[in-house]
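K.L.:
What follows is a structure written as structure tokens; I'll ask about it next.
Rule-based calculations on the coordinates, nothing more; no lab input. Values in this document were obtained by computation on a predicted structure and should not be read as measured data. All Cβ positions, glycine included, derive from the backbone under ideal geometry; neighbour counts span all protein chains shown.
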Amino acid sequence: MTDLPTASILLAIPFAHAVLRDHLAPGDLTLDATAGNGHDSLFLASLTSPGGRVFACDIQPAAITSARTLLHQHGVPPESVHLFCASHDTFPALLPPSIRGHLAAAIFNLGYLPGSDKSCVTSPNSTLAAISSALDWLRPGGLLVAVLYPGHPGGLEESTAVRALASSLPRHSAHAVELKALNTATPAPSTIVIRKP
Ligand SMILES: C[S@@+](CC[C@H](N)C(=O)[O-])C[C@H]1O[C@@H](n2cnc3c(N)ncnc32)[C@H](O)[C@@H]1O
């Protein structure tokens, strides 16, 4: 995403990864709701191996191919990362039902596929549905991390909708925080972290 503020990207994704690095352990089950080029799936696999599983969705076949290539290049065993070419709001029908309530973490790195024509971006309806389901599928103490990009067309609406959802969660069911750059002239990416008590 080279047209977005570099400093903000350098803050938003590393913050998301730092939170996950501190939280995940070998054997954990995770969801990557937007597989893209596979960097987040690779990161999750590195933290949860051996014994863990990453379930990753992307709506674009090109993204699934790209993610599969990256994982293969890094020697990630195919059984460690399950890639689904599907919209993330359908993940409850794709994952083994026994995993419900056992996900250690989910990441939603929203927006468009870096290097693509930006014609395929995440959108509020499916994103909100997927986030709601992911919160349901987290284990107690599980984390949901969402990286929001308000700078592209539709991105502000989606970011606002995700922030509103996180803000509206009852405190007995979730703790939500947001890390956001303040001293930028352009809309800056931010990272929302929701912890299930
Ligand atoms: C910012 S990229 C993800 C980056 C990726 N996590 C990585 O590490 O390379 C956002 C991705 O969301 C995907 N996407 C858009 N709508 C989607 C949907 N409804 N379900 C799943 N993925 C979607 C896009 O195809 C794009 O690849």
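K.L.:
Go through the range 142-156 residue by residue and turn each phi into a ³J(HN,Hα) via Karplus (6.51, -1.76, 1.60, θ = phi - 60°); whole Hz please, and just put x for glycine and proline.
P.N.:
Running phi through 6.51 cos²θ - 1.76 cosθ + 1.60 with θ = phi - 60° gives x, 10, 10, 10, 10, 9, 9, 10, x, x, 9, x, x, x, 5 Hz.
K.L.:
On to the next question. Tell me, what is the percent relative contact order of the range 6-195, built from C-alpha pairs under 8 Å that lie six or more residues apart? All intermediate terms of the calculation are to be shown ahead of the outcome.
P.N.:
Working: 358 pairs, mean separation 40.5, N = 190.
RCO, the range 6-195: 21 percent.
K.L.:
Using only Cα atoms, what is the ratio of the radius of gyration of the chain to 2.2 N^0.38 Å? Intermediate results must be reported in sequence, preceding the final value.
P.N.:
Working: Rg = 15.4 Å, N = 197, 2.2 N^0.38 = 16.4 Å.
The reported ratio for this selection is 0.94.
K.L.:
Can you show me the helix-derived [θ] at 222 nm for the chain, built from DSSP H runs with n ≥ 4 at -39,500 (n - 2.57) apiece and divided by the number of residues, rounded to the nearest 500. Can you show the working numbers first?
P.N.:
Details: 6 runs with 73 residues, N = 197.
Estimated from H runs of four or more residues: -11500 deg cm²/dmol.
K.L.:
Among the DSSP beta bridges whose two residues both lie in the chain, what percent are antiparallel, rounded to the nearest 5? Could you put the intermediate results ahead of the total?
P.N.:
Details: 13 of 31 bridges.
If we restrict to bridges inside the chain, about 40 percent are antiparallel.
K.L.:
So if I take the centroid of the Cα atoms in the range 99-141 and the same for the range 65-92, what is the distance between those two points in Å?
P.N.:
14
K.L.:
Calculate the dipole size of the range 6-195 relative to its Cα centre from +1 charges on Lys and Arg beta carbons and -1 charges on Asp and Glu beta carbons; express the result in debye to the nearest 20. Each step should come with its number before you reach the end.
P.N.:
Details: 10 positive and 12 negative charges, 61 e Å.
The calculation lands at about 300 debye.
K.L.:
Ok, one more. Using modelled amide H (1.01 Å from N, peptide plane; none on Pro or chain starts), what sits under 5 Å from the amide H of A35, excluding residues fewer than 5 places away?
P.N.:
Long-range HN contacts for A35: C57, D58.
K.L.:
For the range 34-126, report the % of Cα-Cα distances exceeding 24 Å. If you can, show how the numbers build up before the last one.
P.N.:
Working: 702 of 4278 pairs.
So the portion of pairs separated by more than 24 Å is 16 percent.
K.L.:
Also: Find how much the distance from D117 to T160 grows on full extension, using 0.36 nm per residue of separation minus their present alpha carbon separation; answer in nm with one decimal. Walk me through the intermediate numbers first.
P.N.:
Numbers: separation 43, 0.36 × 43 = 15.48 nm, distance 2.35 nm.
Gain on extension, D117 to T160, equals 13.1 nm.
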